[in-house]
Amino acid sequence: MTVQQAVLDATTTDLRVPALVGVLGGGRMGAGIAHSFLAAGAHVTVVDINDDAVAAARGRITHDIEGSIRRGAPGTVDGWLDRLTVTTDASAFADLPLVVEAVPESIELKTDSFRRIAEVAPEAVIATNTSSLSVSDLAVTVDNPVIGLHFFNPVPASKLVEIVVADTTPADLVGEARAWVEGLGKTPIVVADAPGFASSRLGVAIALEAIRMVEEGVASPEDIDNAMVLGYKFPVGPLKLTDIVGLDVRLGIAEYLASTLGERFAPPQLMRDMVARGELGRKSGQGFYDYS
Ligand SMILES: NC(=O)c1ccc[n+]([C@@H]2O[C@H](COP(=O)([O-])OP(=O)(O)OC[C@H]3O[C@@H](n4cnc5c(N)ncnc54)[C@H](O)[C@@H]3O)[C@@H](O)[C@H]2O)c1
């Protein structure tokens, strides 16, 4: 289907997201983001780095589509796939109104990616899925309008999207982004471009205090998690969640927050020791809990 046909289609349907959406990087998050926009009726173009990555991205998105159809979403797997293009050719982003950047978390890689998007789509809104980098620092590399759209993992099941407002984000784009997120069936929260945004900052703060409590022998990991699950209705305790996210990942975030927001985010010694021992949580078989 041509771009023009797609736009024509969109004018006859009731889309609450842009009719044509690009996603740079079809990994864990990019594939989920592509799936969400497909579910909302958009035509989605995913660009990844080589043929293997393209095949893997297509596989992840197809898997998510099959899940949606199984759970009763309208249409057929093939019908959804007709609206999906996965390619290594970034010029496929030409003329798209929105490109979501979901490449790995590296400032060099992301600024380079922003420039590549701007070259082929100088008018596009660029939305970054960064979980920790400054959106304002990324935005200065291009003339395009830029905003943060911080999706959560796994994207299909997560209802939250943080809209991160950079220094240069146009005010009307914040309202548009809210409408897009609602159009995806998710709930937006709007946050300033501060380190850790809202979710990582608060989530990591609670986890660090829980780890200090284990370190000080206040209670066992199970009992600390139960305090929050049963006492405060957390769906998962802060230590179990740290195991799921990965102690190394959370250590990196804590170090970044300590360097930007101050000593209150300094990682506890127990956390450093566990990471040094390779106790990274669920993925390594051992964290605050034993998964072996
Ligand atoms: N994984 C999470 O839980 C999570 C949650 C929220 C936000 N994020 C953020 O989302 C972003 C992506 O994370 P992820 O977990 O999906 O990573 P990932 O490693 O699963 O996927 C990254 C994808 O980008 C592709 N890629 C690498 N270099 C590229 C390039 N130059 N051009 C095009 N594609 C390229 C890779 O081939 C891969 O498919 C990061 O900024 C991360 O911080 C991750």
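The values are calculated or read from the model by the stated rules, or taken from the named source; none is laboratory data. Quantities reported herein were computed from a predicted structural model and do not represent experimental measurements. All Cβ positions, even for glycine, are placed from backbone atoms using ideal geometry, and neighbour counts span all protein chains on display.
Data table
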read-out	value
Out of Ala166, Ala254, Ala179, sole residue that is out of contact with any Ser or Thr (no Cβ under 9 Å at 6 or more places or on another chain) and in the same structural domain as Arg71 (by the TED database)	Ala179
Segment 148-165, residues that are farther than 15 Å from Ala198 by Cβ and in contact (Cβ under 8 Å) with a residue 12 or more places away in the chain	Asn153, Pro154, Val155, Pro156
Filter pass, Gly79 being part of a helix (DSSP H, G or I) and closer than 19 Å to Phe152 by Cβ	no
Where a residue in segment 212-232 is over 19 Å from Met274 (Cα atoms) and its partner, wherever it lies, is surrounded by 14 or more Cβ atoms within 10 Å (Cβ to Cβ) and not small (Gly, Ala, Ser), with Cβ under 8 Å and at least six apart	Met228/Ile206; Met228/Phe234; Met228/Pro238
Test set (1) surrounded by 17 or more Cβ atoms within 10 Å (Cβ to Cβ); (2) more than 16 Å from the ligand (Cβ to nearest atom); (3) not assigned by the TED database to the domain that holds Pro97 - Val218 fails condition number	(1)
Among (1) under 21 Å from Gly32 (Cβ atoms); (2) surrounded by fewer than 19 Cβ atoms within 10 Å (Cβ to Cβ); (3) among the β-branched types (Val, Ile, Thr) - the single one Val245 does not satisfy	(2)
Residue ID - farthest from the ligand (Cβ to nearest atom), chosen from residues in segment 12-65 that are part of a loop (DSSP other than H, G, I, E, B) and within 19 Å of Asp112 (Cα to Cα)	Asn50
Wholly enclosed helices (runs of 4 or more DSSP H) of segment 104-203 bearing at least 1 residues among the β-branched types (Val, Ile, Thr) and more than 15 Å from the ligand (Cβ to nearest atom)	171-183
Residue in segment 167-187 that is within 28 Å of Leu239 (Cβ to Cβ) and surrounded by 15 or more Cβ atoms within 10 Å (Cβ to Cβ) present	yes
Filter result for Pro97 (in contact with a Leu (Cβ under 7 Å, 6 or more places away or on another chain) and farther than 20 Å from Ala31 by Cβ)	yes
